[in-house]
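Peer 1: Attaching a single structure in structure tokens format; questions to follow.
Just so you know, all these numbers are worked out from the coordinates, no wet-lab data involved. Please read these numbers as outputs of a predicted model, since none were measured by experiment. Cβ placement follows ideal geometry from the backbone for every residue including glycine, while neighbour counts extend to all protein chains displayed.
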Amino acid sequence: MPLRVEQTFAARLAAGGRQTGMWVCSGSPLVAEICAGSGLDWLLIDAEHSPNGIESLLAQLQAVHGYPVSAVVRPPIGDAVLLKQYLDLGAQNLLIPMVDTPEQAAELVRAFRYPPHGIRGVGSALARASRWNRIEGYLENAAESVTLLVQIESVAAVDNVASIAAVEGVDGLFLGPADLAASMGLLGQQEHPDVVSAVEHCIRVVKAAGKPVGVNAFAEATARRYIDAGVDFILVGADVAMLARGSEALAAKYIPAAEGGDRASY
């Protein structure tokens, strides 16, 4: 029996309403499934700064399948060969880090599309993405079955944000204040007024371009500020950070506190 393509994250964004989510960085399918049933709108399964390879990503995608949550996967780099593997794996929604120019964004669009409009290699008969050719018309409609999000996280990207947002095939832009702060010479200071101002500038520009815009913000006051600024999707926590802070809080109930004070969540 023919199967159908699942709803993309781009379609959920287009339907309106803010999408609130969290990072899944543990590499654990069990943890991913726990997070998938939390009531959040989306999960970002990370492979840039987390211990994830193709096999562990597959297990996590399978674990969250069937829950009312969108799974977005972040590869470590926007390499066309790696993206082909992720797409064939059935990762419909990808967030590509460190996109600084419209030329980079355009090449990513090509990596997402089959010829003649792109360079994605054809292997649908072998791939989970097409459910091994059980999805009718997968090849012809593959571009509509995926979401391409690009990450703005450098001074150069901020300077180019309008032209990046204008690239056809880019479904949304996501702002990374931590790396942006580092790029601005303010390492670890994503709450610095200059960083916040740059993020809010990008929010305005991307929204004016008619594209969805998202942001990472673990501090609640900052998250609510960006929500008020109009972001369409946001990440407000991470599995590993919650476990770290929660286990520290548990220890603090029974063990005298060590010097050093509170740790930052991000």
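Peer 1: Apply the Karplus parameterisation 6.51 cos²θ - 1.76 cosθ + 1.60, with θ equal to phi minus 60°, to every residue of the range 156-172 and state each ³J(HN,Hα) to the nearest whole Hz, in sequence, with x for glycine and proline.
Peer 2: With the stated coefficients, the range 156-172 comes to 4, 5, 4, 4, 9, 4, 5, 6, 5, 5, 7, 6, 5, x, 7, 8, x Hz.
Peer 1: Hey, what number do you get for the chain at 222 nm if only DSSP H runs of n ≥ 4 count, each worth -39500 (n - 2.57), divided across all residues, to the nearest 500?
Peer 2: Using -39500 (n - 2.57) per qualifying helix, the result is -11500 deg cm²/dmol.
Peer 1: OK, next. Among Pro193, Gln62, Trp132, pick out the residue whose Cα is farthest towards the positive end of the charge dipole of the range 9-241, where Lys and Arg carry +1 and Asp and Glu carry -1 on C-beta, about the Cα centre.
Peer 2: Sorting the options by dipole projection puts first Trp132.
Peer 1: Moving on. Let me check I've understood the local charge: for Asn133, count other residues with C-beta under 14 angstrom from its C-beta, Lys and Arg +1, Asp and Glu -1. What total comes out?
Peer 2: Counting the neighbours of Asn133, the net charge comes to +1.
Peer 1: Ok, one more. What GluC sites (Glu not before Pro) in the range 153-209 are in a loop by DSSP, with at most 13 other Cβ atoms within 10 Å of the Cβ?
Peer 2: Loop-located and lightly packed - Glu168.
Peer 1: While we're here: Sort Arg12, Arg4 so that the residue with the fewest other Cβ atoms within 10 Å of its own Cβ comes first and the one with the most comes last.
Peer 2: Arg4, Arg12
Peer 1: While we're looking at this one, here's another question. Among Ser26, Ser154, rank each residue by its count of other Cβ atoms within 10 Å, from fewest to most, as a rough exposure measure.
Peer 2: Fewest-to-most Cβ neighbours within 10 Å comes out as Ser154, Ser26.
Peer 1: Report the local net charge at Gly123: Lys and Arg +1, Asp and Glu -1, summed over other residues whose C-beta lies under 14 Å from its C-beta.
Peer 2: Around Gly123, the surrounding residues sum to +3.
Peer 1: To continue, here is another question. Counting Lys +1, Arg +1, Asp -1, Glu -1, what net charge surrounds Leu180 among other residues with beta carbon under 11 Å of its beta carbon?
Peer 2: -3
Peer 1: If I require 20 Å or longer along the helix axis, counting alpha carbons, and a Kyte-Doolittle average no lower than 0.0, what helices from the chain are left? Use full DSSP H segments.
Peer 2: Result, helices passing both filters: 193-208, 239-254.
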